[in-house]
Each structure stands twice: as structure tokens, then as C-alpha cells.
Amino acid sequence: MEMKKRINLELRNRAPEEVTELVLDNCLCVNGEIEGLNDTFKELEFLSMANVELSSLAQLPSLNKLRKLELSDNIISGGLEVLAEKCPNLTYLNLSGNKIKDLSTVEALMVMKMMMKKKMKPVHLKDLRKRRKKKRRMRMRMRMKQAQKWEREKKWASHT
């Protein structure tokens, strides 16, 4: 069954604005894209699209209230940066069984983690890297000062 038809069945004569949970597991996703899901699902808090042959999240609508997203057993290999923008309140994400090969693919999810921790505007990865470098430099300076202090104490102790 195609995703559009499955969404219509799952609505069960309700308006999309009333739906808080939507389970689309094992339906067919045409061309690896999300179809039939749009911005009218404003109250959606849980969305499951497990084993639907999904390869891209590009067509994911803005789901501001979405907290749980199940995307297991698909063929997703990238494009996860969309999640930070479209699902700002996401707290649970299952990507098991996808074609993610290296950690740089999920690096975009670190932006989401930072946003959740500090409840702040999205931070770009460049800014995160700059902050890390600055912290490293500060730690190195502190270590150098500590080493110099120990050296002074060692010389003073040897003179007495």
C-alpha cells in the first residue's frame, strides 16, 4: 500500500490537525520520498515510518510538536540536518537498520543535542568547531601556566 493511501486510512475520519500519533510502518514509499504528509499535521507528536524504503527526509514537513520519530529499517544514508530545522522538539529518534556508514552523517544531530541542552537558536557546525578550538586553547594555556608554576616551585625547593 502506498504512503498516501495509508495516511488516509490512519486518519480514520479525523482532520490532520487532530492527529497526535501516526504509524505508517511497512507501507510503500514511492521514489524513497515522504508522500502525503504535510504541514497540516500540526499536533503530531509521534511518527513511525519503519520499513517504508525511505531514502530521503527532504520532503519532511515542519512538525514542531513532534517528539518521537521512528525511522528504522529504511535506506537513509544522509540528509539528517533537515531534522534540526523541521522537528525542533524531537527527543527520540530511531535510525537503526539504515545505510548510515560513518559518523559524519549523524554529526548534524549534534546541533539538535546542543539546542535541547541550552534551549537556544540553531548552532552551525562551524561555530561549534570554533568553540571547541577556543576551549582547547584555554586548556592548553592553563596547563602551560601550571607547568611553569611547578617548575618555579621545583627550583625554589632545590635552593632551600
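The values are calculated or read from the model by the stated rules, or taken from the named source; none is laboratory data. Remember, predicted model here, so these are calculated numbers, not experimental data. Here the Cβ is made from the backbone with ideal geometry for all residues, glycine too, and neighbour counts use every protein chain on show.
Which residues, taken from region 1-32, are under 21 Å from Tyr92 (Cα atoms) and part of a loop (DSSP other than H, G, I, E, B)? Spell out the reasoning first.
Step one: of region 1-32, the residues under 21 Å from Tyr92 (Cα atoms) are 19-26.
Listed by number, the residues that qualify are Val19, Thr20, Leu24, Asp25, Asn26.
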TODO: Of all residues in region 37-66, count the ones that are surrounded by fewer than 20 Cβ atoms within 10 Å (Cβ to Cβ) and assigned to a loop (DSSP other than H, G, I, E, B).
DONE: 17
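Here are some residues: Glu70, Glu81. Which one is in contact with a Phe, Trp or Tyr (Cβ under 9 Å, 6 or more places away or on another chain) and either surrounded by 13 or more Cβ atoms within 10 Å (Cβ to Cβ) or at pLDDT 85 or above (or both)?
Glu70
For the structure I just gave you, tell me whether Ser55 is of a type in the set (S, T, N, Q) and in contact with a helix residue (DSSP H, G or I) (Cβ under 6 Å, 6 or more places away or on another chain). Give the steps one after another, and end with the answer.
Working: of a type in the set (S, T, N, Q): yes; in contact with a helix residue (DSSP H, G or I) (Cβ under 6 Å, 6 or more places away or on another chain): yes.
Yes: the conditions hold for Ser55.
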TODO: Any residue in region 92-103 that's assigned to a strand (DSSP E or B): show its pairings with residues that are surrounded by 14 or more Cβ atoms within 10 Å (Cβ to Cβ) and not aliphatic (A, V, I, L, M) at Cβ separation under 6 Å, as long as the two are six or more apart or on different chains.
DONE: Tyr92/Lys68; Asn94/Glu70; Asn94/Ser72
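Each row is one residue, and each column tells you yes or no for (1) more than 15 Å from the chain's Cα centre (by Cα); (2) modelled with pLDDT under 95.
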| position | (1), (2) |
| --- | --- |
| Glu21 | yes, no |
| Leu47 | no, no |
| Pro88 | no, yes |
| Ser96 | no, yes |
| Leu109 | no, yes |
| Met112 | no, yes |
TODO: Return only the number of the condition from (1) more than 19 Å from Val106 (Cα to Cα); (2) aliphatic (A, V, I, L, M); (3) buried (at least 16 other Cβ atoms within 10 Å of the Cβ) that Leu28 does not satisfy.
DONE: (3)
